[in-house]
Amino acid sequence: MEASGERGGITTVECPVCQSDLTVSLPRESEILTLTTNPEDVPDYSENGAARPRNIQMPCKDGHPVTVFFDW
Ligand SMILES: [Zn+2]
């Protein structure tokens, strides 16, 4: 079965602090779990069933350190 969804890849998210758009490059078929500017704010992976939890940190254009937690 061919994946036709647009999950993963180049994804635009919003900075939780200033709502500015932020482009992150995620692995294909990954699913964003949460966005935070506090890296210690790790989601409960056991609750949301993440198989391979990862995270990537990117500064938004205003310099907020946005951490994207995702499952891949
Ligand atoms: Zn920001």
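What relative contact order, as a whole-number percentage, does the chain give when Cα pairs under 8 Å and 6 or more residues apart are counted? So the answer I get is 32 percent.
When shorter helices are ignored and each DSSP H run of at least 4 residues is given -39500 (n - 2.57), the per-residue value for the chain at 222 nm works out to -1000 deg cm²/dmol.
Think of the chain as a dipole: +1 on every Lys or Arg Cβ, -1 on every Asp or Glu Cβ, centred on the Cα centre; then among Tyr45, Val66, Pro16, Val66 lies furthest on the positive end. Relative to the Cα centre, the charge distribution of the chain, modelled as +1 at Lys and Arg Cβ and -1 at Asp and Glu Cβ, gives a dipole magnitude of about 240 debye. Estimated translational diffusion coefficient (Stokes-Einstein, Kirkwood radius over Cα pairs, 37 °C, 0.692 mPa s) of the chain: 260 µm² per second.
Between Glu29, Glu40, Glu14, the GNM of the chain built on Cα springs shorter than 10 angstrom shows Glu40 fluctuating the most.
Every read-out reported here was derived from the displayed coordinates using simple, explicitly stated rules and does not represent laboratory data. Nothing here was measured: the structure is a model prediction, and the numbers come from that model. FYI the Cβ positions are ideal-geometry reconstructions off the backbone, even for glycines, and counts take in every protein chain you see.
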